[in-house]
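The values are calculated or read from the model by the stated rules, or taken from the named source; none is laboratory data. Note that the coordinates shown come from a computational prediction; the quantities given were computed from them, not determined experimentally. No Cβ is skipped: glycine too gets one built from the backbone with ideal geometry, and neighbour counts run over all protein chains shown. Surface areas here come from the heavy atoms of the whole protein model, side chains and all, with no ligands, DNA or RNA. Shrake-Rupley method; radii C 1.70, N 1.55, O 1.52, S 1.80 Å.
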Amino acid sequence: FNIRLRFIDDKYYVIRIPTNVTGEVMMQREETLKQIVEECVAFAPAFRKYFMTIETPEGAGRMTSQECLALFVLLGDERSMPMNKLSAALGISKQQTTRLADGLANAGYIDRTVNPDSRREVLVCLTDAGREVIDSIVRLKLTRMLELTARLSDEGISDMLEHVRVMRRVFSGTDEVR
């Protein structure tokens, strides 16, 4: 890789460029990435409207998008998760995470326990009620997705799935991306 510094919006960014990429190819890549950023910015309001607005099932009470996101993070962890790990996953402070966990525990969606191996660490895990709320939210989102994608072909839906998976891998940095 060649390393280049780019000055964008008053900040320097280190860019790793494969050695086989020429200047012209890099300019084309940057232009394509600029278009991707513009499309993502244009798509953000719709994404927020359809995926970050929480339609809670009847009887579940009102949940914030942050509370819902916390439940989904906990769903991905099969056991208990330390509060500091939840805080990092949500990108919020430990104090905000504590307030968030208070509300979720009061609603019966999570349990908090002291880590038996480290008494200073608090662990959180989903309760059955938390899993039921998540299942209900997923069903509501699936119904909405079926409505939104009704005009797409099966191939179009498969393409959409692949593109969403690539974006998840890119933005989470968890996987190799082709």
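Assorted remarks:
- Across every pair of non-identical alpha carbons in the stretch 27-173, the mean reciprocal distance, once inverted, gives a Kirkwood radius of 17.5 Å.
- Rounded to whole Hz, the Karplus (6.51, -1.76, 1.60) HN-Hα couplings of the stretch 30-46, x for glycine and proline: 4, 5, 5, 5, 4, 5, 4, 4, 4, 5, 5, 5, 5, 7, 3, x, 5
- Normalised radius of gyration (Cα atoms, divided by 2.2 N^0.38 Å) for the stretch 110-178: 1.69.
- For the stretch 106-150, a/c is not less than 1.5, where a ≥ b ≥ c are the root eigenvalues of the C-alpha gyration tensor, and a/b tops b/c. That puts it in the prolate class.
- Value of D in µm² per second that Stokes-Einstein yields for the stretch 74-119, Kirkwood Rh from Cα pairs, at 10 °C (1.306 mPa s): 142 µm²/s
- The gain in end-to-end length when the Ser93 to Val37 segment is fully stretched comes to 17.4 nm, 0.36 nm per residue minus the alpha carbon separation.
- Accessible surface ranking that places the most exposed of Val170, Val73 first, with a 1.4 angstrom probe: Val170, Val73
- Annotation: amide H-H contacts under 5 Å for Ile110 (H modelled 1.01 Å from N, sequence separation of 5 or more, or interchain): Ala105, Thr127.
- Using a Förster distance of 45 Å, the FRET efficiency for Ala46-Arg112 (Cβ separation, nearest 0.05): 0.80
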